[in-house]
Amino acid sequence: MSESNDTLTTYLEENPRMIGVLFAICLLLTQTGSVAAAAGGTIR
């Protein structure tokens, strides 16, 4: 398990822009989940 963590850490150290990309993807998925939950609650 620690090998995969080391690999990811190394990759992100070599490609710092990917940290921002991953953060943006997480934010997008969070917002999408909230919108889907709200839309699912209003359908009758």
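Computed over every Cα-Cα pair of the chain and binned at 5 Å starting from 0, the pair-distance distribution P(r) comes out as 5, 19, 14, 15, 14, 10, 9, 7, 5, 2 percent. For the chain, the longest principal axis of the Cα atoms and the long axis of helix 2-14 meet at an angle of about 90 degrees.
Any read-out appearing in this document is the output of simple, stated calculations on the displayed coordinates, not a laboratory observation. This is a predicted model, so every value here is computed, not measured.
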